[in-house]
Amino acid sequence: MTVLDDLANRARSLVRGGHRAVLGIAGGPGSGKTTLAENLVALLRRTPPAGLRPLEWVAYVPMDGFHLADVELERLGRRDRKGAPDTFDAAGYAALLRRLGADEDDVIYAPAFERDLEQPIAGSIPVERSARLVVTEGNYLLLDQGDWARVRPALHEVWYCDLGADERVRRLIARHERFGKDHDAAVAWVLGTDQRNADLIATTRARADLVIPDAVLRAIGDRDRAMID
């Protein structure tokens with residue numbers, strides 16, 4: 001049994017008595033949150049608890065859909081630090097999580113984030129009533145400042161991705177280059193805006209229910225790349 005199997009078993013155990021559970025995965029920029037969440041969700045969809053239907057029982061709702069649009073960041077004068085806590089609609093995200101947890105609607109639509117456009121897209125992710133587990137991931141799930149303090153109470157568990165700084169920075173630079181920044185601009189952004197956010201997020205680590213260590217995150221990342229190759 002792999003570590004990912006163990007994590008899937010823990011996630012699966014959150015669903016009890018037919019009630020919906022919401023699992024959060026937190027960590028700094030480039031820490032492997034998305035890779036972990038996507039691999040976890042893919043495995044869980046293939047291996048549902050008894051009585052639940054494959055594919056339909058798990059939904060994936062990233063926090064990034066609650067980025068403020070660039071036009072609003074420009075108006076607020078925050079465009080040059082996109083990704084900081086006050087460049088998201090934290091209250092809207094918390095409200096969505098509460099609605100998901102309440103489990104009262106036949107379908108709930110969540111926004112997605114389009115990386116090629118670097119913009120949120122409303123109404124992109126349907127969460128059907130059949131979803132008994134919702135996996136969400138993002139930077140600030142454990143932050144206890146301002147509207148972000150409403151997020152943690154809406155989550156049944158939060159896992160923290162604790163990837164080593166060198167690997168996290170390497171991945172971030174590569175990501176920014178992949179989406180259009182030249183190397184110098186990518187490095188400047190990673191060591192500036194991204195690093196300030198990472199330092200803040202690191203202070204929330206102790207609030208997590210489970211810390212996913214560097215070795216596990218690297219192994220999942222290597223597995224993901226091998227599948228693509």
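What follows is calculated from the coordinates using simple rules that are stated; it is not laboratory data. Just so you know, these numbers come straight off a predicted model, no measurement behind them. Ideal geometry is used to build each Cβ from the backbone, glycine not excepted, and the neighbour counts take in all protein chains shown.
Things worth noting here:
- Listing Y60, Y140 from fewest to most neighbouring C-beta atoms within 10 Å gives Y60, Y140.
- Considering only the range 74-229, percent of DSSP beta bridges that pair antiparallel, nearest 5: 65
- Average silhouette area of the chain, convex hull of alpha-carbon atoms, in square nanometres: 12.5
- Centroid-to-centroid separation of the range 1-59 and the range 155-229 [C-alpha atoms, Å]: 20
- Counting neighbouring beta carbons within 10 Å and listing from fewest to most, the residues I173, I121 come out as I121, I173.
- Label-point separation, T203 to D166 (7 Å along Cα→Cβ), nm: 2.8
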